[in-house]
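Reading through the structure tokens given below for one structure.
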Amino acid sequence: EPEVTQTPSHQVTQMGQEVILRCVPISNHLYFYWYRQILGQKVEFLVSFYNNEISEKSEIFDDQFSVERPDGSNFTLKIRSTKLEDSAMYFCASSEAGGEYRGYNSPLHFGNGTRLTVT
Amino acid sequence: GQSLEQPSEVTAVEGAIVQINCTYQTSGFYGLSWYQQHDGGAPTFLSYNALDGLEETGRFSSFLSRSDSYGYLLLQELQMKDSASYFCARKYGQNFVFGPGTRLSVLP
């Protein structure tokens, strides 16, 4: 069964450094997302991406964050200058369609995540 | 707003039935989804209700009442492997918002 893959599985970085988290969504999926989860807490939406542009972003997704789909398979999240509070598990997800529309459901498929630790 | 509410923890014994409730703020026509997450793992899709009523998938069932902005996940014949966190989720705009999660502990 096709799956979303994320690399690396763990990333340790120093405060102020740039990190790039990588994701390969499922090949026939059109919608891509980044979520993060601080240990033991809820899954928080960061950004959604469709047709090579951001569809929606949360308040968390400030100017320090950016996303890119540099080729036909990869989807990346960049944090320009990491802060201690950016330490979390970052999940990439993809869906075939835009989630839900009047009864049709296209669920999110999540990767296994990248655990980012900022020291 | 875009908030969903769930109980933080539920504990039950093997073989029992447990219900995890979710209430949400109403916006749009969207239904309610449920995801399971084991410790250290990724959320995985369990169930979706587009319309009012009960959807059954094996040991798991999910219910939705749109007029009450309320849904629940029902887990029957609990097994140890069902110990996990369960999240309700709903689409708002172009993103999915997740509830805070309910941690289910299944005891022998």
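Checking every residue in region A:59-79 against the condition of being closer than 19 Å to B:Lys91 by Cβ and more than 12 Å from the chain's Cα centre (by Cα) gives at least one match. Within region A:46-62, the set of residues being hydrophobic (A, V, I, L, M, F, W, C) and within 17 Å of A:His29 (Cβ to Cβ) comprises A:Val47, A:Phe49, A:Ile54.
Name the residues in region B:32-67 that are in contact with a helix residue (DSSP H, G or I) (Cβ under 9 Å, 6 or more places away or on another chain), over 17 Å from B:Gln6 (Cβ atoms) and part of a strand (DSSP E or B), would you? Answer for region B:32-67, where residues must be in contact with a helix residue (DSSP H, G or I) (Cβ under 9 Å, 6 or more places away or on another chain), over 17 Å from B:Gln6 (Cβ atoms) and part of a strand (DSSP E or B): there is none. For region A:28-43, taking the residues that are farther than 24 Å from A:Ser73 by Cα and open to solvent by 30 Å² or more (accessible area, probe 1.4 Å), the one that is modelled with the lowest pLDDT is identified as A:Gly40.
Selection over region B:48-68 of residues that are touching an Asp or Glu at 6+ places or on another chain (Cβ under 9 Å), over 15 Å from B:Cys88 (Cβ atoms) and at pLDDT below 90 gives a count of 1.
Just one of A:Thr7, A:Thr82, A:Thr119 is on the phi < 0 side of the Ramachandran plot and either open to solvent by less than 60 Å² (accessible area, probe 1.4 Å) or without any contact (Cβ under 8 Å) to a residue 12 or more places away in the chain (or both); which is it?
It is A:Thr82.
At least 1 residues being closer than 22 Å to B:Gln2 by Cβ and hydrophobic (A, V, I, L, M, F, W, C) is the threshold, and among the strands (runs of 3 or more DSSP E) wholly inside region A:14-119 those reaching it are A:31-37, A:43-50, A:53-57, A:65-68, A:75-79, A:88-95.
Selection of region B:84-95 for residues being of a type in the set (A, V, I, L, M, F, W, C) and touching a Pro at 6+ places or on another chain (Cβ under 9 Å) yields B:Phe87, B:Ala89.
The values are calculated or read from the model by the stated rules, or taken from the named source; none is laboratory data. Treat the numbers as computed from the prediction; the structure is a model and nothing was measured. Quick reminder, even Gly has a Cβ in these numbers, built from the backbone with ideal geometry, and neighbours come from all protein chains shown. When the accessible area is computed, the model is the full protein with side chains, heavy atoms only, and any ligands, DNA or RNA have been set aside. Shrake-Rupley method; radii C 1.70, N 1.55, O 1.52, S 1.80 Å.
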